[in-house]
Amino acid sequence: MRDELLESISEEALRLNRLVGNLLDMTRLESGVELRRDLYPLEEIVGAALQRLEPQLAGREVAAALPEDLPLVNVDDVLLGQVLANLIENAAKYSPPGSAIEIAAEATPAAVQLDVRDRGRGFAVGEEKRLFEKFYRGKSEGVRGAGLGLAICRAIVVAHRGSIEALHRSGGGAIFRIRLPLDARL
């Protein structure tokens, strides 16, 4: 009984720490954080996010399809890594245990597009834009959170002059798509 209580206290302390961290991140982003941009291979940023989430992804297949000829992206690698970690963590939370998570990227002449895809229940029709609002949480039983993760993702991507959207995945699940401009002067 005592061990269970200690485990519960530890979990709640970590959850509270994440909530406070998210609130601080949101405040910083809204006040106009200065990006520390440089050119990075997207593969490194994805790899760092996956390594950070190793414990949460244990027993789950993560398939990354990143073409070798992707151009470098002019980003703040720490902030973009946070976006990817949030999206991958959400995919793990909102999809069945053991189901695969897919990460895919492709380049167009003007942008790099990065998708995080899952096979969960997805989200309700009409929620596509609301998911990125502060404190908005879709209908999700048994999943805790404050509704800040996707708002933080949007703020970071917009600070990079990019876009992020939520899409319904054919066959079930969700796709979160990021587009980052390739113009290095941005």
Do we find a residue being buried (at least 22 other Cβ atoms within 10 Å of the Cβ) and within 13 Å of Arg60 (Cβ to Cβ) anywhere in segment 72-85? no
Every residue in segment 157-166 that is open to solvent by 30 Å² or more (accessible area, probe 1.4 Å) and farther than 17 Å from Glu106 by Cα, please. Val158, Ala159, Arg161
Can you go through Glu43, Glu34, Glu68 and tell me which one is of a type in the set (Asp, Glu) and farther than 21 Å from Gly162 by Cα? Glu68
Could you tell me which residue of segment 91-122 is most open to solvent (accessible area, probe 1.4 Å), considering only residues that are among the aliphatic types (A, V, I, L, M) and assigned to a loop (DSSP other than H, G, I, E, B)? Ala110
Based on this model, can you work out whether Leu84 counts as within 17 Å of Glu54 (Cα to Cα) and at pLDDT 90 or above? yes
Take the conditions modelled with pLDDT of 95 or more and either open to solvent by 60 Å² or more (accessible area, probe 1.4 Å) or closer than 24 Å to Gly47 by Cα (or both) and apply them to Val125. Does it pass? no
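The values are calculated or read from the model by the stated rules, or taken from the named source; none is laboratory data. In this text, all values refer to a predicted model and were calculated from it rather than measured experimentally. Cβ: placed from backbone, ideal geometry, glycine included. Neighbour counts: every protein chain shown. These accessible areas exclude ligands, DNA and RNA; they are computed on the full protein's heavy atoms, side chains included. Shrake-Rupley method; radii C 1.70, N 1.55, O 1.52, S 1.80 Å.
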